[in-house]
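The structure appears right after this line, and notes come after that.
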Amino acid sequence: MIADDEYSSTSRAQRINRLINPTHYDPAFKFGTIPFGSTEENIKANQPYMYRYMQQYNTDTLAAGVKQVKEGKLHAFVYDAMALQYLVGQDNDCRLLQVGSWFAMTGYGIAFPKNSKFIKKINRQVLAYRESGMLERLQRFWFMGDCKRQDQEKEVSTENFH
C-alpha cells in the first residue's frame, strides 16, 4: 500500500483501524484499489465491510490510483507490493511512501513453452544469482530508485535522540 504522510506516520494498530473502520475518522479515511484484480478479491473475501466501503474510491488503473494519492484525493492505495515498490522508487518528487509489510511473498515467475530447452539453464542461473546476492541487488537497483525522503536523511547525532 502507498499512503500519504499522515497515514504513514501512525502506528501499525492505528493504520489497521483506519482500514477496518474508515468512517470513524474525520474526515473519513479514503482508500481504493483496482477493481476485479487479486488485491480486491482478497479484500472482498477477508474484509467484506472494507471491500464495500472502498469500492467508491477504486480506480481503473494503477497510475490513476497513484495520482489520486499524490493529489490528496485518496489517503492510500492498496495494490501489489512489487508494483508499488517500483513506483515509490521511481517517484521523482519523493511524495510516495510504501507502508506496511507484504501480505504474501510469492516470488517471481518466468514462463516457458512446455519442454523448453532453456528451463534448466535459467533455473541454474537464477539459483546462482540468488546464492550470490545478485537477485537482491537487482531488486534494489530496479525497484528502490534514488528517492531519499527528507525524514530518512537526518544525520545521526546526539540532537536526534530525545
| said: Exactly one of these conditions fails for F36: (1) surrounded by 14 or more Cβ atoms within 10 Å (Cβ to Cβ); (2) on the phi > 0 side of the Ramachandran plot. Give me its number. | reply: (1)
| request: Only residues in region 11-26 that are closer than 12 Å to A76 by Cβ count as the first member; pair them with residues that are open to solvent by less than 60 Å² (accessible area, probe 1.4 Å) and assigned to a loop (DSSP other than H, G, I, E, B), Cβ under 6 angstrom, at least 6 apart or cross-chain, and list the lot. | output: R18/F29; P22/A28; P22/F29
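One line per residue, one yes/no per condition, for (1) modelled with pLDDT of 85 or more; (2) outside any loop (DSSP other than H, G, I, E, B); (3) open to solvent by less than 50 Å² (accessible area, probe 1.4 Å):
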{"residue": "Y79", "(1), (2), (3)": "yes, no, no"}
{"residue": "M82", "(1), (2), (3)": "no, yes, yes"}
{"residue": "Q85", "(1), (2), (3)": "no, yes, yes"}
{"residue": "C94", "(1), (2), (3)": "no, no, yes"}
{"residue": "W102", "(1), (2), (3)": "no, no, no"}
{"residue": "M105", "(1), (2), (3)": "no, no, no"}
{"residue": "Y108", "(1), (2), (3)": "no, no, no"}
{"residue": "A111", "(1), (2), (3)": "no, no, no"}
{"residue": "K117", "(1), (2), (3)": "yes, no, no"}
| query | If you take just the helices (runs of 4 or more DSSP H) that sit entirely in region 1-64, which of them hold at least 2 residues that are within 25 Å of L87 (Cα to Cα), at pLDDT 90 or above and hydrophobic (A, V, I, L, M, F, W, C)? | reply | 48-54
| request: Would you point out the residue of region 126-139, among those that are within 23 Å of the chain's Cα centre (by Cα) and surrounded by 13 or more Cβ atoms within 10 Å (Cβ to Cβ), that is modelled with the lowest pLDDT? | output: Q139
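Residues in region 146-160: is at least one surrounded by 11 or more Cβ atoms within 10 Å (Cβ to Cβ), in a loop (DSSP other than H, G, I, E, B) and modelled with pLDDT under 80?
Filtering region 146-160 down to residues surrounded by 11 or more Cβ atoms within 10 Å (Cβ to Cβ) leaves 147, 149.
Among the residues that remain, those that are also in a loop (DSSP other than H, G, I, E, B) are: 147, 149.
Filter again for modelled with pLDDT under 80, leaving 147, 149.
Looking for residues that are surrounded by 11 or more Cβ atoms within 10 Å (Cβ to Cβ), in a loop (DSSP other than H, G, I, E, B) and modelled with pLDDT under 80, one finds at least one in region 146-160, hence yes.
The values are calculated or read from the model by the stated rules, or taken from the named source; none is laboratory data. The structure presented is a predicted model; accordingly, all values stated were derived computationally and were not measured. Neighbour counts are summed over all protein chains in view; Cβ atoms, including those assigned to glycine, are modelled from backbone coordinates with ideal geometry. Note: accessible area is taken over every heavy atom of the protein model, side chains too, but ligands, DNA and RNA are not part of it. Shrake-Rupley method; radii C 1.70, N 1.55, O 1.52, S 1.80 Å.
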